[in-house]
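The values are calculated or read from the model by the stated rules, or taken from the named source; none is laboratory data. Quick caveat: nothing in here was measured; it's all calculated off a predicted structure. Note: ideal-geometry Cβ built from the backbone for every residue, glycine included; neighbour counts use all protein chains shown.
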Amino acid sequence: MVALPARELLIRVFYAGLIFASSLSLGRVAAQVIDFESNGLHYQAMTRDGVTVTFAKLPPRIANYSIIQVTVTNGSPVSWSVRPQDFTFYRQDGESIRATDADLVISSLLDHASKRDVVKLEVLYEASIYALPPNYRSTAGYEHRREQAMTIAVNAKFKAAAAASAITLVPTKLKPGGSTDGAVFFLNQEKLFGPGRLVVNTAGEIYQFDVFPDVLLKTK
């Protein structure tokens, strides 16, 4: 009479182990999303198989683009490529918006955004980078691109191009231990990003984040 419950318990543990192992092999175990606030921005981060993706929505909307600031850190033993097109925003109504190619973004900013807009975005982006945890060290991100771009900036137009190219996330191959950051742009005719889900298909994994609606503060 005593052995039966123990046997049932062992069977349940056995089958639970099988289900867990199957979910691991199929990639069904949900990774935890970590939320944190810094410098007035709301960040979300997720790690899958050693690769961490972190993002925050940036307030300004420039040249019909909604913008997020992204960091990707490769803690895995293999190299991975990261591109803006790896990011897709899904609205609640099912419509999807894939992030715009980096070259198109830079060209669009130079053609349609004012110099003031670019400078404003640059200042805001720098503030968002410096708000990240102190242990974050980019090996191929904004600071690296800015230093390279400024060496060829000889006039106002080139300086604007340098700023735009430094801010924008560009296709990057991350070696083990490497990291990158940049702004990812979504062509969005709406004034607000709106609620939905951000899906990132990179490093052989799929990252999903719930995106909450923007809040407009009424001035008294």
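Points worth noting:
- With a requirement of 3 or more residues that are of a type outside the set (Val, Ile, Thr), the strands (runs of 3 or more DSSP E) lying completely within the stretch 34-121 that satisfy it span 41-48, 51-62, 65-74, 87-91.
- Tabulated pairs, the stretch 197-212, first at positive phi, second assigned to a strand (DSSP E or B), C-beta under 7 angstrom, 6+ apart or interchain: 203/51; 203/80
- Meets criteria (of a type in the set (Ser, Thr, Tyr) and under 16 Å from residue 171 (Cα atoms)) for residue 79: yes
- Considering 91, 83, the condition of being among the basic types (Lys, Arg) and closer than 24 Å to residue 107 by Cα is satisfied by 83 alone.
- Leading residue by the ranking (surrounded by the most Cβ atoms within 10 Å (Cβ to Cβ)) among those in the stretch 90-110 that are modelled with pLDDT under 95 and of a type in the set (A, V, I, L, M, F, W, C): 105
- Every residue from the stretch 37-74 that is over 17 Å from residue 198 (Cα atoms) and at pLDDT below 90: 37, 38, 39, 40, 60, 61, 62, 63, 64
- Within the stretch 30-45, the set of residues being closer than 16 Å to residue 58 by Cα and either surrounded by 12 or more Cβ atoms within 10 Å (Cβ to Cβ) or touching a Phe, Trp or Tyr at 6+ places or on another chain (Cβ under 6 Å) (or both) comprises 36, 38, 39, 41, 42, 43, 44, 45.
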